[in-house]
């Protein structure tokens, strides 16, 4: 398994910072195109939920973890809210409430588990990057 982790302040600018860190890391891992775009969208949705719904006592940060293992790419966001995410059905004119539906539609699987360190939870989503094709192999 290969992984990286970041801790970001609990604030609206952290979503953009997390996406920039993800893009840099995926480029280093040579993951690009649709997979990188989907991973960035998943991270945006998970970060938005953490920023909007997590408790904000002083010193609390949002943890971001990106991992590759067993042919999967995992995007994970940890926050100080112990309550699990609750998918809902947004009405056509609702401006919010579609995040987990987007995560469910784009991820191979997603879920929630207790935060590794401290109070809260980690919400994660997994992708299956396309397999690498060997040079000379027919597609």
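What to note about this one:
- Qualifying residues in region 33-74 (those that are assigned to a strand (DSSP E or B) and touching a helix residue (DSSP H, G or I) at 6+ places or on another chain (Cβ under 8 Å)) - the one modelled with the lowest pLDDT: 62
- Condition check for residue 85: at pLDDT below 75, part of a loop (DSSP other than H, G, I, E, B), surrounded by 13 or more Cβ atoms within 10 Å (Cβ to Cβ) and in contact with a helix residue (DSSP H, G or I) (Cβ under 6 Å, 6 or more places away or on another chain): no
- Pairs with Cβ under 7 Å, 6+ apart, first in region 14-29 and at negative phi and exposed (fewer than 15 other Cβ atoms within 10 Å of the Cβ), second in a helix (DSSP H, G or I) and at pLDDT below 95: none
- For residue 95: the one exception among (1) in a loop (DSSP other than H, G, I, E, B); (2) at pLDDT 85 or above: (2)
The values are calculated or read from the model by the stated rules, or taken from the named source; none is laboratory data. Predicted model only: the values in this text are computed from it and were never measured. Heads up, the Cβs are rebuilt from the backbone with ideal geometry, glycines too, and the neighbour counts pull from every protein chain shown.
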